[in-house]
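Please treat every number below as a calculation from the coordinates, not as lab data. Everything numeric here is computed off the predicted structure, so don't read it as measured data. We place every Cβ from the backbone using ideal geometry, glycine too, and count neighbours over all the protein chains shown.
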Amino acid sequence: MAPRGYFVAFAFLLCSIGVPVPASASSEAELSPIPTWTLAGALPSDEVAAPIPRSVHAWQVTFIDNAPRPPGDSIPTATPLSLGAAIAEQRPTAFVYSEGYNTRRKIHMIASYATIPLFVAQYLVGQDLYDGGASESAKSAHGALTVGIATLFAVNTVTGGWNWWEARKDPNGRTRRMVHSLMMFGADLGFVATGALAPDGDEGGSASDKSLHRNVAITSMSVAVASYVYMLVSR
């Protein structure tokens, strides 16, 4: 055979070996299996689990509860949405206040510094009037201190009430603001009652009238001081 014939025959042989021939059902059992190798410590190929996507592995969290459960009750699974909602509930809610709120707050705090000095002075002067040995200057001082306390509570009631209304939707410190507002509102009513119960005339009224006026005034001042101290210690 010519060299060209040998080359053609050799090429045909290579093509026949490289092209796979489909096996029939009868000849499938006669095919030799492909040899495989197993590394030490590795699982067989039929026991290898399908790979878990990284997104599922990174975000899905499951809490295992070992407590006995009734039949059909599934174990709760924490999803990213539920975890995000739980974290959001633990964070304090941000609330933006206006410039007017900050201005009224400063006025309210500065005016509050005069609360205790005015109360102490009024109590001392009022005690002299109650004992019946007060001079005309003490009576004038008592009237001036009454005007000062009324002005103080008018300013703080307006600024505090206005700020309370603006902050009504802020959940942070809501209980603290509510307790303070209710106590101060009660003190306001007490001071109005104190003025209404003030004895008339130069003699200062009867002993029972003076005693009632004094007791209501002291009760109102005590409630106001308690509310003031509560705001200081709870900040």
If the label point sits 7 Å along Cα→Cβ of Asp170, residues of the stretch 217-235 with amide N under 15 Å come out as 235
Whole-Hz Karplus couplings 3J(HN,Hα) for the stretch 121-133, θ = phi - 60° and coefficients 6.51, -1.76, 1.60, Gly and Pro as x, run 5, 5, 5, 5, 5, x, 5, 5, 5, 5, 6, x, x
The lysines whose Cα lies under 22 Å from the Cα of Lys106, excluding any fewer than 8 residues away in the same chain, are Lys169
Any lysines whose Cα falls less than 30 Å from that of Lys139, other than same-chain ones fewer than 8 residues away, would be Lys210
